[in-house]
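Structure first, commentary second.
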Amino acid sequence: NKQVILKRYAVEAPKETDMEIKIGKVKLKAPKGSGAFLVKNLYLSCDPYMRGRMRDFHGSYISPFVPGQPIQGFGVAKVVDSDNPDFKPGDMVAGITGWEEYSLIDKTLQLRKIQPDSDIPLSYHVGLLGMPGFTAYAGFYEVCSPKKGEHVFVSAASGAVGQLVGQLAKLHGCYVVGSAGSSEKVDLLKNKLGFDEAFNYKEETDLDAALKRYFPEGIDIYFDNVGGPMLDAALLNMRVHGRIAVCGMVSQHGFYDPQGIHNLYFMIPKRVRMQAFLQTDYLHKYAEFLDHVIRNYKEGKIVYVEDMNEGLESAPAAFVGLFSGKNVGKQVVCVAQE
Ligand code: NDP
């Protein structure tokens, strides 16, 4: 059973050398009386939040990984043996699994059964229909309080979360601008994902001026995936009663921003509401989300871009690549075919 093991906790940005590939032992049977089941992992998701679990820090909303153990993350898997009456061999499941070929899922399982649909790639259960897609949906509808015609800005816009935020905002009748870190991504945003405008933030010397160019009348909604200097620039450009959804701070490698945010004052004259959220706060909306997104996807009104790496061995590099923007779209690792 090939596995990706956390070798040691990461300092600053995670490195490939913080992980290693090992061959571990696994019985290809779920022990009798255990209530466990064995899955064959098919697709694994690389998500920025996992960086927090690679640090020796216990003050966050999720516990750190254990050195010497396989990395854990969202995945799509197939049940191959089971001692659990709710999960039968052949069932497809999505949720938290191990970065390994086979995982024994015990009673503390966080996997749900999924119904394969020939019109939807299985891997979408860690992207469009999984945690990132739900983050976009919950963040946009529940936190941003969007209204038709409003002006929306999304950072890390071509990524797993951002690309859906932009498309939901367009479906809602908003004007949408995205920022991303390469001309390829800017092209994707404008020509495939339906954003009204997009820009490469790495080519801008003055982020405030860039935002003023696309939002001469200001921003109603900023869906913030990055924090740091982009958040600071957005604070200078919010409209009266604007909303900022603080989704993530991928630009910060530690929990503290060494550069600091300077423009919070401007929230006062503009009466801006800035709210952080965790998608887990809104799980009661999951069925509604699936309904909305699947319907629009099948009608061709939503598309989804994935960046698929092949083989478990490629997982460490794929994960580390998130923090330099190597991924174009949702980063997934294909471990095995069904
Ligand atoms: P992405 O698919 O967008 O991948 C990460 C992207 O972040 C990279 O491709 C890169 O894009 C961008 N990035 C990396 N480093 C920097 C940097 N220094 N400055 C600016 N951008 C950078 O990730 P997700 O869509 O999965 O996640 C987006 C955000 O949402 C993250 O902050 C994540 O932590 C957060 N999140 C929050 C959840 C919640 O419940 N609150 C749940 C899920 C995700 P580019 O080339 O454009 O720079």
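Taken together, the values in this text are just the output of simple stated rules run on the coordinates, not laboratory data. Only a predicted model underlies this, so the values are computations on that prediction, with no experimental measurement involved. For neighbour counting, all protein chains shown are included, and Cβ atoms are generated from backbone atoms with ideal geometry for every residue, glycine included.
First check a/c for the range 196-247, with a ≥ b ≥ c the square roots of the eigenvalues of its C-alpha gyration tensor; if it is under 1.5, answer rounded, and if not, answer prolate when a/b is larger than b/c or oblate otherwise. Oblate.
Legend: ranking of residues 174, 46 from fewest to most surrounding C-beta atoms inside 10 Å; resulting order 174, 46. Restricting the range 92-184 to trypsin sites (Lys or Arg not before Pro) that sit in a DSSP loop and have at most 16 other Cβ atoms within 10 Å of their own Cβ leaves 107, 147, 148.
Mind listing which trypsin sites (Lys or Arg not before Pro) in the range 179-236 are in a DSSP loop and have 15 or fewer other Cβ atoms within 10 Å? Those that pass, being in a loop and sparsely packed, are 192. By the rule of a C-alpha distance below 12 Å, with chain neighbours fewer than 8 residues away ignored, the aspartates and glutamates paired with residue 113 are 86, 91. Here the chain carries DSSP beta bridges of which approximately 55% are antiparallel, counting only pairs with both residues inside. The alpha-carbon of residue 170 sits under 12 angstrom from the alpha-carbons of these aspartates and glutamates, leaving out residues fewer than 8 places away in its chain: 150, 196, 197. Quick check: from the Cα gyration tensor, does the range 234-338 come out rounded (a/c under 1.5), prolate or oblate? Taking the square roots of the gyration eigenvalues as a ≥ b ≥ c, the range 234-338 is oblate. Residue exposure proxy: 295, 51, ordered by other Cβ atoms within 10 angstrom of their Cβ from fewest to most, comes out as 295, 51. Distance between the pseudo-spin-label points of residue 299 and residue 29 (7 Å out from Cα toward the beta carbon): 5.2 nm. Counting only aspartates and glutamates at least 8 places from residue 298 when in the same chain, those with an alpha carbon closer than 13 Å to its own are 117, 119. Can you pick out the pairs among 32/88; 27/78; 7/330 whose Cα atoms lie more than 18 Å from each other? Pairs exceeding 18 Å: 7/330.
Dividing the summed -39500 (n - 2.57) terms of all DSSP H runs of n ≥ 4 by the residue count of the chain sets its mean residue ellipticity at 222 nm at -5500 deg cm²/dmol. What shape does the range 1-103 take by its C-alpha gyration tensor, where a ≥ b ≥ c are the square roots of the eigenvalues and a/c under 1.5 counts as rounded, a/b above b/c as prolate, and the rest as oblate? Prolate, since a/c reaches 1.5 and a/b exceeds b/c. Exposure here means at most 10 other Cβ atoms within 10 Å; with chymotrypsin sites (Phe, Trp or Tyr not before Pro) in a DSSP loop as sites, the longest stretch of the chain lacking them is 62-255.
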